[in-house]
Every structure is written in structure tokens, then in C-alpha cells.
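Working notes for the structure below.
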Amino acid sequence: MTTFRWRLGVLLVPLLLLGAAPPEPAAPARARMRVVFLNALGTGGGFSRQFRGAMHAAAHDLDIELIDIDVGHWPGQILEQARQAVSGPDKPDYLITSIHRGIGARVLEVAEQAQVPVFVVNSGLALEERARFGGPREHFERWIGQMVPDDVGAGDRLVRLLIDAARARGRSSVKGPVEGPVRLIAIEGQWGDTSARQRHLGLRQALSAEKDVELLQSVTAAWRREESQRKTFLLLRRYPELQVIWAANDDLAMGAVQALEDAGRRPGEDVLVGGVDWTPEALEAVRGGKLVTSLGGHFLEGAWSLVLLYDHHQGRDFASERIDWRTEFLPATRASAAGYLEVLGRPDWEAFDFRAFSKAANPRVKHYDFSLQALFAQRHGRMDTNGNP
């Protein structure tokens, strides 16, 4: 009998233990959201400083751990850095990258294989890659979205603004009044970059629709200011009758301005120049009359992408509105440049509250408003598209 009771007790103990509710484990501390940014924008330019400054401020507001990695110039180097960024046990929750040097699909494939969601900013797939692979959430499921500028529209709008300014001012050159078409040259970016190619398409699109306009020559300066200065100086000697210089970004535009001054020409008077990016130096040149315009506003794409990814991480998928975002360029004019410079000349990005644009952080936000007016209103009241309060 004793042996039976002992055996029964041995059998009952585990059954009783199975029926007892175990104590609930303590909930693990929630780790910070971790994002890697593969930065191919460079470190020294005004546009890059604005882009990174706003992005880091947004990361701070949203409590995101942002790892900002400068990638190299060569395609193989960029691809290897992408592999390293998404490999290993400490891989990020998200990867943000811009597409350069014609290796966009391979970078997206690396993220796909690592099962890391990727968001593209600033420069997207080349047109031939887009035709093959489609857009976000199509061929590459982990490519969850993108926010890129309307570069074709920028190239088109810039040349139209310059041509209109030349016609309004009256055509002249170093040789005196000019008859016939408006004559211009184009200083292009790095031809392998999507943004450079699309701005070139915009240029050609506008020229095909314009009458009495002649493109004298188009040259690449690979986004380098010194190269723009050197080539513009040579082109001025070849084409002393030129009246307009279309530049693919502000660094190239300012290189052209320097070449004009070195040649004894008058930028903004007998030769009209325009660029893209809204760098503080370019805005100063617009305000001073040396540049006709600079198109910009896309420097906030990094910050806005973090807002979207933060919401996605919190279960609020931005696909409810869209997955393919396009940033519209706004022209800075002599009248509006001062308003933009007030904010961008010495930007204090920490003074802005990027958390206010998040749906997850603010249930009252029903639709994303990624406009400059909404951001600038936090400090200076409502601002219109001309940079005026």
C-alpha cells in the first residue's frame, strides 16, 4: 500500500504542476527602432548637410537609432557596404538608401535576401530597371516604399523659368544684342545617376516644346563644382553668344557663376543661370541676383521617410495613403529667397517637431502633410509657396 501511494504521488505531482498557471514572465524591454541609412549624397555639399541635419533631428524626435553610413563612389564598394549593413545578428529594422551608379536592383536584392525592409529616397531605380522590376512591393517585396523627387519635372521647369527670364529681360551677350533663338548650355550631373538622367530628360522635354531656343552644348560635370567651373569657362570661349546656363544642381550652378565672373561676364545680367537643391549659398545668389532661381524642397525626404517607417513599425502602414511618394520642387525667386534663407541659412532642426507628423504618435493626424508650409509653420506661422509668411 505504501509503495502504491508513493507511486501515485509521483504521478500526481507533475499533473498538478501542469494544471497550475505558471507566473507570467516580465515583458522584455522594447528595443529602439534601428535604421541604417546608406548615404551616397556626400558630406561636404550644402544639400547633403540639410538632408542629414533634418533626418537626424527626425530620428531624435522619434527615438530612432539612426546609423548614417557614407558609401563609396564605386558600384562594387556600395554593394559591399549594403551587404555589411544588413548582415549579421544585429541587422537593422529598416534600410534607407538612395540609388546610384546603376546598381539599384542589386542593392534591393541584397535587402530582400536579408529580409530587411528597404525604403528608397532621393534617387530611385533607372528607367530601364523600373520597367523590369516595377515599383515598391512588386518584384521586391521588402522594398516597401520610396520618396523621390520629380526630377523630370525639375529639369523641365528649370529650363522654362530660365528661358522666360531671358525673354523678359531682353536677349544680349558680351557682343551686344542677340537676334534669333535663346542660346543655352547645360551642365549635367553624374550620368550614371538616375537623378541626373531624369533632369536631362526634363531639359529635353522642355526644349522640344519650346520654339526659338537652341541648346548649344550639353556637358557632364559629375556633380563637381570645380569641373563645372572649368568646363563653363571653356564653353564661354566657344560660345560667347550664350545667354542661359542650365545646371543640374546648385553646386554646378555656382561653379558656372564663378566661371562667368572669371571671364568678366555678369551672372544674372548678360548670362542667366539656374540650379537645383536650395543650398544656402545658392539661395544667397538668388537673393543677390546672380542666379535666376534654385528649385528645391526635397532635402526633407530623409526626415519624412523616418516618419513613415516609424508608423510602419508601430503597425500603421503608410500604404493606406501611398507607397510611391513624389516630392515637388518649388522655385526660389529673388523675392522668396530671403524667407527660405531665414530657415535654411543656419538651420536649427532640433527646433522642429517631426513627431507631430506621425499618425502613430498623433491619432489626430488623418493624412500625411509633408509640405514645407506645415513644417515652417511650427516656427514662423503659415508660409506660402513663395516663402512668404
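Using only the alpha-carbon atoms, how far is helix 104-114 inclined from the longest principal axis of the chain? Give it as 0 to 90 degrees, nearest 10.
Long axis of 104-114 versus the principal axis of the chain: about 10 degrees.
Please give the direction-averaged projected area of the C-alpha convex hull for the range 152-296, in square nanometres with one decimal.
So the Cα hull casts an average projection of 7.3 nm².
Just tell me which aspartates and glutamates come within less than 17 Å, Cα to Cα, of Lys290; anything on the same chain fewer than 8 places away is out.
Within the straight-line limit of under 17 Å, Lys290 reaches these aspartates and glutamates: Asp164, Asp250, Asp251, Glu261, Asp262, Glu269, Asp270, Asp277, Glu281.
In the range 243-334, if every C-alpha pair distance is counted and binned at 5 Å from zero, what percent goes to each bin?
Histogramming the range 243-334 at 5 Å steps yields 3, 14, 21, 17, 10, 8, 8, 8, 6, 3, 2, 0 percent.
How big is the Cα convex hull of the range 91-132 in projection, averaged over all directions, in nm²?
Approximately 2.9 nm², given one-decimal rounding.
Counting pairs of alpha carbon atoms under 8 Å apart in space and at least six apart in sequence, what relative contact order in percent does the range 259-389 give?
23
By what distance, in whole Å, do the Cα atoms of the range 63-178 stretch along each of the three principal axes, largest value first?
For the range 63-178, the Cα extents along the three principal axes come out at 68, 32, 28 Å.
If you take the beta carbon distance between Glu141 and Gln373 as r and set R0 to 30 Å, what does 1/(1 + (r/R0)^6) give as a FRET efficiency, to the nearest 0.05?
The calculated FRET efficiency here is 0.30.
If the cut-off is a Cα-Cα distance under 17 Å, which lysines reach Lys231, setting aside same-chain residues fewer than 8 apart in sequence?
Qualifying lysines at Cα under 17 Å: none.
Using only helices, what value at 222 nm comes out for the chain when you add -39,500 (n - 2.57) per DSSP H run of length 4 or more and divide by the total residues, to the nearest 500 deg cm²/dmol?
Rounded to the nearest 500, the figure is -13500 deg cm²/dmol.
If you take the C-alpha gyration tensor of the range 232-295, multiply each eigenvalue by 5 and take the square root, what semi-axes do you get, largest first, in whole Å?
19, 11, 9
Would you please give the FRET efficiency between Arg322 and Asn362, computed as 1/(1 + (r/R0)^6) with r the Cβ-Cβ distance and R0 = 30 Å, to the nearest 0.05?
0.95
Can you give the angle from 0 to 90° between the axis of helix 250-262 and the longest principal axis of the chain, with both taken from C-alpha atoms, to the nearest 10?
The angle comes out near 30 degrees.
Considering Cα pairs under 8 angstrom that are at least six residues apart, work out the relative contact order of the chain and quote it in whole percent.
The value is 16 percent.
Given 0.36 nm per residue, what is the gain on full extension from Arg237 to Leu127 after removing their alpha carbon distance, in nm?
Length difference between fully extended and current span is 36.0 nm.
Taking a cut-off of 20 Å, what percent of all Cα-Cα pairs in the range 277-389 are separated by more than that?
44
Give me the angle, in degrees from 0 to 90, between the Cα long axis of helix 46-61 and the longest principal axis of the Cα atoms of the chain, rounded to the nearest 10.
Value to nearest ten degrees: 30.
No solvent, one uniform scatterer per C-alpha: report log10 I(q)/I(0) for the chain via the Debye equation at q = 0.10, 0.11, 0.15 1/Å, two decimals.
Taken in order of the listed q values, log10 I(q)/I(0) reads -0.68, -0.81, -1.31.
Around Gln229, with a cut-off of 15 angstrom between Cβ atoms, what is the net charge of the other residues, counting Lys and Arg +1 and Asp and Glu -1?
Result for the local shell: -1.
Dipole of the chain (Lys/Arg Cβ +1, Asp/Glu Cβ -1, origin at the Cα centre): which of Pro89, Leu66, Met55 lies farthest to the positive side?
Going by the Cα projections, it comes out as Pro89.
Values in this text are rule-based calculations from the coordinates and carry no lab data. Everything numeric in this text was worked out from a predicted model, so none of it was measured. Glycine gets a Cβ as well: all are built from the backbone with ideal geometry, and neighbour counts include every protein chain shown.
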